[in-house]
1. I want to check the label-to-label distance for residue 339 and residue 779. Put each point 7 Å from Cα in the C-beta direction and report it in nm to one decimal.
2. Quantify how much of the Cα-Cα distance distribution of region 778-824 extends past 17 Å, in percent.
3. Would you mind pulling out the separation of the Cα centroids of region 81-107 and region 652-730, in Å?
4. Along its three principal axes, how long is region 358-410 when you only count alpha carbons? Whole Å, largest extent first please.
5. Just need the relative contact order of the chain here, percent rounded to a whole number, with Cα pairs under 8 Å and 6+ apart.
6. Using the basic label-point model (7 angstrom from Cα toward the beta carbon), what is the residue 435 to residue 754 distance in nanometres?
7. Run through all the Cα pairs of region 865-967 and give the fraction in each 5 Å bin from 0, expressed as whole percent.
8. Starting from the Cα of residue 946, step 7 Å along the direction of its Cβ; do the same at residue 271; then give the gap between the two resulting points in nm.
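Nothing in this text is a laboratory measurement; each read-out follows from the coordinates by a stated rule. Given the structure is predicted, the values throughout are model-derived calculations rather than measurements. FYI the Cβ positions are ideal-geometry reconstructions off the backbone, even for glycines, and counts take in every protein chain you see.
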C-alpha cells in the first residue's frame with residue numbers, strides 16, 4: 001500500500017528541519033527551465049494577492065519571459081486590469097507601460113473567492129496564479145513586520161497579503177475583547193504558494209496559547225477565543241523556515257461563519273434535501289456534542305439546500321480550494337452559507353451516484369451492520385479514531401454491482417480499504433461470513449505515484465458479481481484512522497449498477513525539445529501559446545468509467561478566426577489523445593478562454609462532456625529530490641503571440657482517420673513548410689502511442705520538404721482502437737530575441753541624442769545670454785555710479801536701467817538653470833535608453849536554440865482483423881435435420897490470404913454443430929452445413945463464427961454472432 005499525502009516537493013516536511021534544509025528545499029523546488037528553448041511567458045507570483053470587492057488594486061507581477069507584458073487577464077469578467085503607465089514629461093511625451101505593474105479593478109458584484117490571473121506578454125499567455133477577492137478590509141504586509149515591534153495590525157474583518165522571508169517570522173497585532181472569538185485563516189497552498197505555514201497566538205507575556213499547522217491541507221485555520229482584553233501577538237512562519245517572493249500568503253481574521261465540513265457530503269442532483277453544516281460562528285448554530293478540531297469545539301446548523309440538476313451543473317468540477325489532479329473525476333457544486341456578516345467560506349457538495357443513505361451508528365460490528373437497499377450511496381465518516389463501519393445489502397445471483405469508496409479523491413488525506421463478505425447460516429442457524437474480496441488501492445496506483453498529473457487515488461473500487469442469492473456485507477475503514485481523530489474525514493460508499501460513461505482532463509503541453517532537456521526536470525511553467533504559423537498541443541486524458549469503450553470525438557470551442565483545431569478521435573480501450581491547435585501565418589494577437597469537449601454515445605444517448613483542465617504549479621530542478629506540483633484549473637486559456645512566426649510547420653497526411661488492422665502497415669506522406677532562412681534537419685518522433693505501436697523515426701535532412709510516415713503493426717499485444725497522436729519535430733534554429741526592442745531603443749537613442757544636442761545648443765545660447773546679462777548688470781552699475789554727479793533725472797534713469805539689468809540677469813540665470821536641469825535629465829534618460837539598447841542588443845544576439853515542432857494530428861483506426869464477417873440473417877434449421885449457414889467474409893486493407901472459420905455453439909446448447917471451413921486466397925463466402933440434434937430446444941440461439949488468419953505473418957482473429965432459429969420437428 002502506498003499513500004499520496006500531496007506534500008509539495010515530494011518530501012515530508014518537519015519543523016525540526018534546519019534553516020539550511022529549508023533553503024535546500026527552496027532551491028530544488030525552483031521552476032525547471034529547459035536549456036535553450038524558445039521563450040514562453042511564465043508567471044511565478046503577483047502581489048498583492050487580491051483585493052476587496054468594488055476597489056482598485058495596484059498589482060506587481062513576477063516571472064520569466066514577461067517582455068512587453070501589457071495584459072493581465074482573469075477568469076471572471078468583473079475583474080479587469082490595465083498596465084500602469086509611467087508619468088509623461090517634456091522629454092518622454094509617449095505613454096509607456098511600467099514593467100510588470102498593473103492597475104486591477106474589481107467590480108462590486110464579484111463574489112468573494114479565488115480566481116485566476118494570467119499575464120500576456122510578447123511570448124504569449126502565462127500559466128495562472130491565484131487572485132483573491134474578499135469583502136473584508138485589505139492590508140498589505142510591507143515586508144517590515146519581521147519583529148514584534150513592527151507587527152501589522154490584524155483586527156477582525158481584515159485580510160493581509162504578505163510574504164515570508166527565509167528564516168524569519170511575520171508578526172501581527174490582534175486586538176481582542178475577553179470572550180471574543182476569531183478565526184484566523186492562512187491561504188498559501190490553496191493559492192499556489194510555496195509556503196507551508198504555521199500559525200501561533202501569544203499573549204503579552206509571551207505565553208503561547210495555540211499553534212496550528214496543516215489543518216486544511218497544508219494551510220492553517222486557527223480558532224482563538226480571548227481569555228482577557230488586550231493585544232495578542234500572531235506569529236506566521238514557514239514550517240521548514242523557507243521564504244522569499246514565492247512564499248506568499250493571505251492571512252485573515254474574521255468573526256464570520258466558517259464551515260469545516262458538510263454532512264451528507266453528497267446529494268442526488270435536482271433534490272432539495274437537508275444537510276448539516278459543521279463549523280464555527282454559525283448563526284443559529286448549536287454545539288456539535290463531542291466534535292472539535294485542534295481543540296476548538298464545533299457547531300452544527302441544519303439547512304435546506306437546493307441541489308442543481310441541469311446538464312451544465314452535472315459536469316461542474318467543484319473547486320472550493322486548490323484541487324489536485326486526483327480530484328479531476330468528481331462532480332459537484334460550491335456552497336456558501338449566507339449570513340448577516342456576509343457569505344461563509346466555500347464548501348463542496350458532491351453529486352451522488354445513487355440515492356443517499358446516511359450512516360447510522362452503531363454499525364461498528366458485523367452483527368450491527370446497517371442494512372441498505374441497492375443501488376445507494378452510503379455516506380459516513382472515518383470517525384472517531386479507529387472507526388470501522390459495516391454495511392449490508394441483498395443481491396441476486398449473477399447481479400453485477402460496482403462497489404467504490406470516494407474519500408481520498410475528495411481532497412482528504414485518507415486511505416480507504418474495504419472487504420466484501422457473503423453472509424450465510426450453518427446447519428445450527430449460526431451466522432457465518434466468507435470473504436469474497438479485500439480491496440485496497442487500484443492496481444496501477446503504485447506505478448503512477450510521482451508521475452505528472454497523477455489522477456490515481458487511494459480509493460478502492462471493485463466489480464462485484466453475486467455468486468448466489470443472499471446477504472452481503474461490506475467492511476469500510478481508513479487505514480490511517482488508528483492515529484487520527486478528525487470528523488472532517490468523510491467518505492462516500494457507492495454500491496450501484498455499472499454505468500459506462502467518460503470524463504476528460506486536458507493539459508496544455510507546450511512542446512519542449514528533447515535535445516538538451518534533462519528528463520529529471522519538470523517541464524517549465526507555461527500557458528498555451530501559439531506563434532504565427534505554429535502549432536501547440538493539449539494532452540487529453542480520458543477516464544473511461546465502468547469499461548466504457550465507445551468512440552469519443554474531442555473538439556475545441558471558442559476559437560477566434562485564424563486558429564484551427566482538428567477534432568481528435570479515440571475508441572476502444574484508448575484513454576488519451578493529442579489535440580493540436582494551429583495558428584495561421586497572419587493570425588492576429590489574441591488571448592481568451594477555450595472550451596474542450598468530448599462527444600460520444602453512451603447507451604442510446606448522445607452526450608457531451610466538457611473537459612476538466614490542469615496546470616503545473618511549480619516545476620522541479622531534479623525529480624529525484626523533489627517532484628513538480630500540479631493542480632486543476634478554473635478556466636483554460638489560449639493565446640496567439642503575433643510578434644514571431646514559427647520557423648517551420650509539419651503536415652502528416654490529410655485530416656481523416658487512416659485505417660488498417662493488426663498485422664497491417666500504414667504509409668502517410670509528410671510535408672514540411674520552411675519559413676525564412678530555416679534550413680535545419682528535423683527528427684520526427686511519434687508521441688502519444690503505446691509501446692506496442694512504434695512508428696519509424698523520420699529524419700528530414702536540411703532543406704527537405706517531404707518525408708514518409710511508416711507504421712508496421714506487428715506486435716501481437718497491440719490493442720485495436722482509434723488513436724490520435726502527433727509527431728514531435730526536434731530541431732534547432734538561429735533565434736534572435738525581440739529584435740524590435742533594438743529598433744525601438746535605437747530610435748529612442750537617436751531621438752534623445754537629437755534632444756541633447758538641441759538642449760546643448762540652447763544651454764550655449766542661454767549661457768551667452770546670461771553672460772551678456774551679467775555684463776549688462778556691470779555696465780548698469782557703472783552707469784549708476786557715473787550718474788551720481790548728475791541731476792535727479794539722470795540718477796533715476798541709471799537706477800531704472802540697473803534694476804532692469806538685474807531682472808534680466810535673474811531671468812537669464814533661471815532660464816539657463818532650467819535648460820541645464822533639462823539637459824541633465826536628458827543625459828540621465830540617455831543613460832537609461834543606452835542601457836535599454838545595450839540590454840536589447842545582448843538579448844538579440846543570435847543563438848542556436850533547441851526547438852520542438854508539433855505536427856498536425858494523426859488519427860488511425862486499428863481493427864482486430866483485416867476482414868469482417870456478415871450473414872444474411874437468422875438461419876433456420878429443424879430438429880434432427882440439416883441446413884446451410886452462409887457467412888460472408890469481406891477482405892480489407894489488401895488482405896488476400898486464407899482464413900479458417902469455425903462454429904462455436906451457444907453456451908449450454910448441445911446438439912448444434914457446423915464444423916470448420918477454410919476459405920482459400922481471395923474466397924469471400926463460406927457455406928457451413930448446420931445440423932441440429934433432435935434434443936435441441938426450439939427457438940432462437942446465438943452462436944459465434946470465429947475467423948482466424950495471418951496478416952503479414954501476424955495472427956489475426958475476429959468473431960461474429962449468428963442467430964440460429966431451431967424449429968420443432970414435425
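1. So the two model labels end up 8.6 nm from each other.
2. Considering region 778-824, 44 percent of its Cα-Cα pairs are separated by more than 17 Å.
3. If we compute the Cα centre of each part, the gap is 49 Å.
4. The Cα atoms of region 358-410 stretch 37, 30, 16 Å along their principal axes.
5. Relative contact order, the chain: 9 percent.
6. So the label points at residue 435 and residue 754 sit 8.9 nm apart.
7. 3, 13, 25, 22, 14, 11, 7, 3, 1
8. Spacing of the two 7 Å Cα→Cβ label points: 4.7 nm.
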